Amino acid sequence: MRDQFGRTIEYMRVSVTDRCNLRCVYCMPAEGVPCVSHEEILSYDEITKICRIGADLGISRIKLTGGEPLVRRGLPELLGMINGIKGIEQVTLTTNGILLKEKMSELAANGLASVNISIDTLDEGRYEKITRGGRLREALAGMEAALSCPSVQVRVNCVPMREIPASDYIRIARLAEDRNIDVRFIEMMPVGHGKAFAAVSGGEITDMLRQEFGEVSECTGRTGNGPAVYVRFPGFKGRIGFIDAISHQFCGTCNRVRLTSEGFLKPCLQYGEGTDLKRLVRSGAPDETVRSEMQRVIYRKPACHHFTDGIYDNERKSGREEDDTRDKDGEEMLETRDMSQIGG
């Protein structure tokens, strides 16, 4: 369906858990965040029902996220359930890769189309520091397992930080040199703990890589479900992608909504507005009621984010009120939770 600004909304990111086996510095505090009870998390049947109703509205692509989605038991089964929905064309996964090696064959067998693996550095010490205890070799083993499945497109997601030397990003880019893999550099989002880190733009990364690999050629045509811009360097088998949500705002072509693990449908990452679909589903509301509520939220998707405006105060505007998008002053309320709680 189309929102009020004429954008076609066809992509839903579905968080299956707020739990994670890492503690990345830009995602959550060292002690983690309070986890909601299992009873408050959507069941797989509830997720499938919402995805089916979403498909009726034109949602054709689903991204499974967390937290870390692979910490939840039976995820390949959920993937297969969603793939069986009429109108769903593609189900993909975002993961830190730590548990991917042991799950990959089952995921592929259930129709996984592509997997995004988060790896911010190939230096073992820095990786352990960024993730607060993660082991790089396990993430790389997950990547290699994914590459062994020819039906699955493999992408490595890297969030550049100014604290990391440029040489690290050159090493990560080299993953695409002799592998059929996309390496994507994602600009830091000023959400939750990410606000403490200065963003590095795709333009800056491009300049670093150009000095090392030569001139780039831009890849044309649709290359995924999201806003990434892809380029290719001479002699590279894979591509390099850039997602610059801040420095090159792409809200005008945004095609996504987000479903949190607690069943809250969000039309925009920055704002706390949306609707509680879990309440409707668990109260026995008919499909048409759930569909109408999803349609209402999608239609009212904001025109754009305002991360760079400098006029919002997250401390003053905290939380959200159910089915209300504005605070008592009439201004849109901001999301105050960390990415792991929203759905990364």
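Pairs of Lys residues in the stretch 1-141 are counted when their Cα atoms are under 24 angstrom apart and they lie 8 or more places apart or on different chains; the count is 6. Its relative contact order, with pairs defined as Cα atoms under 8 Å and 6+ residues apart, puts the stretch 1-133 at 28 percent. Of the peptides 46-53, 209-216, the order by per-residue mean of other Cβ atoms within 10 Å, starting with the highest, comes out as 46-53, 209-216.
This model, with +1 at the C-beta of Lys and Arg and -1 at the C-beta of Asp and Glu, gives the stretch 1-140 a dipole about its Cα centre of some 220 debye. Restricting the calculation to Cα atoms, the stretch 243-301 shows an Rg/Rh of 1.06 when the hydrodynamic-style radius is the Kirkwood one. Taking amide H atoms as placed 1.01 Å from N in the peptide plane, the amide H of Leu259 lies under 5 Å from those of Arg13, Val14, Ser15, Lys266, each 5 or more residues away in sequence or on another chain. With only Cα atoms counted, the stretch 34-117 has Rg and Dmax values of 12.6, 36 Å.
Ordered by solvent-accessible area of protein heavy atoms (1.4 Å probe), largest first, the residues Arg13, Arg171 come out as Arg171, Arg13.
With N the number of residues in the stretch 1-141, Rg(Cα) / (2.2 N^0.38 Å) evaluates to 1.13.
Charge tally for Asp168 (other residues, Cβ to Cβ under 14 Å; Lys, Arg +1; Asp, Glu -1): -2. Near Ser118, the amide H atoms lying under 5 Å from its own belong to Thr95, Asn96, Gly97, Asn157; only residues 5 or more places off or on other chains count, and H is placed 1.01 Å from N. When peptides 108-120, 272-284 are ranked by their average number of other Cβ atoms within 10 Å per residue, the highest-first order is 108-120, 272-284.
Legend: translational diffusion of the stretch 80-236 by Stokes-Einstein, Rh = Kirkwood radius over C-alpha pairs, 10 °C, 1.306 mPa s; D = 95 µm²/s. Volume per residue of the convex hull around the Cα atoms, evaluated for the stretch 1-65, comes out as 126 Å³.
The values are calculated or read from the model by the stated rules, or taken from the named source; none is laboratory data. The structure presented is a predicted model; accordingly, all values stated were derived computationally and were not measured. Counting neighbours? That spans all protein chains shown, and the Cβs are built from the backbone with ideal geometry, glycine included. All accessible areas refer to the heavy atoms of the entire protein, side chains included, with ligands and DNA or RNA removed. Shrake-Rupley method; radii C 1.70, N 1.55, O 1.52, S 1.80 Å.
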